[in-house]
Amino acid sequence: MHGRREGCESGGHEQRVAAPAPRRPVTLVVAHRGASVGARQNTAEAFRRARDLGADWVELDVRRTVDDVLVAHHDAHLPDGRLVARTPLDELPPWIPPLAEALEACEGMGVVVEIKNDPAEVGYDGDNAISVAVAGLVSAYRPYDEVMISSFNAATIQRIRHVDSRLPTALIMFDPVVVAQSVDRAAAAGHAAIHPYHTAVDASLLRRAHRASVAVWAWTVNDPGDIEALVRLGTDGIITDDCPAARAITARVAADG
């Protein structure tokens, strides 16, 4: 049977189909301590509200009580001055959720769990036992691709790598000099990402990080102009207090192609 070959024009020339334009990488919207505008930060209410506002992920902070319960709370001290590390769970304010409850409130989103373990704070865990506890609880509650564990403390986050290397981890940093050196450190340690302060993120850092298969999630980005600039650069995640603005900007940039 004679006829045209598939993919050829009637004149016998191959039909050329234009290749699709490369798609811009999708930037994740990460709710900083939940949707903390309109709700108390690091609470179940803030986490559920973040989902309602279209967040892809939630970032929350974790500390350990004196009776070894992991709870979502940013500061070392409670509003009344008591230390979280020296207070049992049943004496905490009712709005502070155990980490297990916080993870359940984040259903349908990814979760960044930031371990608070500052050597300058009372109650510092030099043995990084908190890392062992966090790794065990998080891996029981979340699939590995829906969680990331982060910390400013490199030893704390490295302990996670030793306990369960399947858990994605990230180094948080503020100092631009440290950020500049962070890609090689993160790649060598097996971290999935770096979380630099947003003013330290530029095209060069993103190129180096992506060549090393290290993601870049910038914090804490609230100015719409800064959010758009970072999205257009290809930043992997935007940690923000303004989920609606970030959601609208990422959608607009994606539509622009």
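The values are calculated or read from the model by the stated rules, or taken from the named source; none is laboratory data. Worth saying up front: this structure is predicted, and the values here are computed from it rather than measured. Cβ atoms come from the backbone with ideal geometry, glycine included; neighbour counts cover every protein chain shown.
What do you reckon, is residue 240 under 28 Å from residue 154 (Cβ atoms), modelled with pLDDT of 95 or more, among the β-branched types (Val, Ile, Thr) and surrounded by fewer than 16 Cβ atoms within 10 Å (Cβ to Cβ)?
Numbers: under 28 Å from residue 154 (Cβ atoms): yes; modelled with pLDDT of 95 or more: yes; among the β-branched types (Val, Ile, Thr): yes; surrounded by fewer than 16 Cβ atoms within 10 Å (Cβ to Cβ): no.
It is false that residue 240 is under 28 Å from residue 154 (Cβ atoms), modelled with pLDDT of 95 or more, among the β-branched types (Val, Ile, Thr) and surrounded by fewer than 16 Cβ atoms within 10 Å (Cβ to Cβ).
If a residue has to be buried (at least 16 other Cβ atoms within 10 Å of the Cβ), under 21 Å from residue 131 (Cβ atoms), of a type in the set (A, V, I, L, M, F, W, C) and free of Cβ contacts under 8 Å to residues at least 40 places away in the same chain to count, how many in region 179-214 make the cut?
Matching residues across region 179-214 total 4.
Is it true that residue 38 is surrounded by fewer than 17 Cβ atoms within 10 Å (Cβ to Cβ) and part of a loop (DSSP other than H, G, I, E, B)? It would help to see each step written out before you state the result.
Working: surrounded by fewer than 17 Cβ atoms within 10 Å (Cβ to Cβ): yes; part of a loop (DSSP other than H, G, I, E, B): yes.
Yes.
Out of all the residues in region 37-59, is one or more touching a residue at least 40 places away in the same chain (Cβ under 8 Å), touching an Asp or Glu at 6+ places or on another chain (Cβ under 7 Å) and more than 22 Å from residue 117 (Cβ to Cβ)?
yes
For residues that are more than 19 Å from residue 138 (Cβ to Cβ) and under 18 Å from the mean Cα position of the chain (by Cα), scanning just region 155-178, find the one that is surrounded by the most Cβ atoms within 10 Å (Cβ to Cβ). Don't jump to the end; show me each part of the working.
Filtering region 155-178 down to residues more than 19 Å from residue 138 (Cβ to Cβ) leaves 173-178.
Within this subset, residues satisfying the condition of being under 18 Å from the mean Cα position of the chain (by Cα) are 173-174.
On the way: 173: 22, 174: 13.
Top of the filtered list is 173.
If a residue must be surrounded by fewer than 17 Cβ atoms within 10 Å (Cβ to Cβ) and either in contact (Cβ under 8 Å) with a residue 60 or more places away in the chain or of a type in the set (Gly, Ala, Ser) (or both), how many such residues does region 77-100 contain?
Taking region 77-100 first, the residues surrounded by fewer than 17 Cβ atoms within 10 Å (Cβ to Cβ) are 77-83, 86, 88-91, 93-95, 100.
Subset that is either in contact (Cβ under 8 Å) with a residue 60 or more places away in the chain or of a type in the set (Gly, Ala, Ser) (or both): 81, 100.
Within region 77-100, residues that are surrounded by fewer than 17 Cβ atoms within 10 Å (Cβ to Cβ) and either in contact (Cβ under 8 Å) with a residue 60 or more places away in the chain or of a type in the set (Gly, Ala, Ser) (or both) number 2.
Sort out which residues of region 53-76 are of a type in the set (A, V, I, L, M) and touching a Ser or Thr at 6+ places or on another chain (Cβ under 8 Å), and write them in order of number. Outline the logic, then answer.
Filtering region 53-76 for residues of a type in the set (A, V, I, L, M) gives 53, 55, 58, 60, 62, 66, 69-72, 76.
Answer for region 53-76, where residues must be of a type in the set (A, V, I, L, M) and touching a Ser or Thr at 6+ places or on another chain (Cβ under 8 Å): 66, 71, 72.
Quick check on this structure: which one of 245, 251 is among the aliphatic types (A, V, I, L, M), more than 12 Å from residue 28 (Cβ to Cβ), surrounded by fewer than 17 Cβ atoms within 10 Å (Cβ to Cβ) and without any contact (Cβ under 8 Å) to a residue 60 or more places away in the chain? Break it down stepwise before answering.
Details: 245 fails: surrounded by fewer than 17 Cβ atoms within 10 Å (Cβ to Cβ).
From the options 245, 251, the qualifying one is 251.
Of these, 92, 137, 99, 103, which one is modelled with pLDDT of 95 or more and farther than 22 Å from residue 40 by Cβ? Before you say what the answer is, go through the steps one by one.
Numbers: 92 fails: farther than 22 Å from residue 40 by Cβ; 99 fails: farther than 22 Å from residue 40 by Cβ; 103 fails: farther than 22 Å from residue 40 by Cβ.
Being modelled with pLDDT of 95 or more and farther than 22 Å from residue 40 by Cβ holds for just one of 92, 137, 99, 103, which is 137.
Can you tell me which residue is farthest from the chain's Cα centre (by Cα) among those in region 215-229 that are farther than 23 Å from residue 145 by Cβ and crowded, with 23+ Cβ neighbours inside 10 Å?
First, the residues of region 215-229 that are farther than 23 Å from residue 145 by Cβ: 220-229.
Filter once more, so that each one left must be crowded, with 23+ Cβ neighbours inside 10 Å: 221, 227.
On the way: 221: 13, 227: 15 Å.
So, considering only residues that are farther than 23 Å from residue 145 by Cβ and crowded, with 23+ Cβ neighbours inside 10 Å, the one farthest from the chain's Cα centre (by Cα) is 227.
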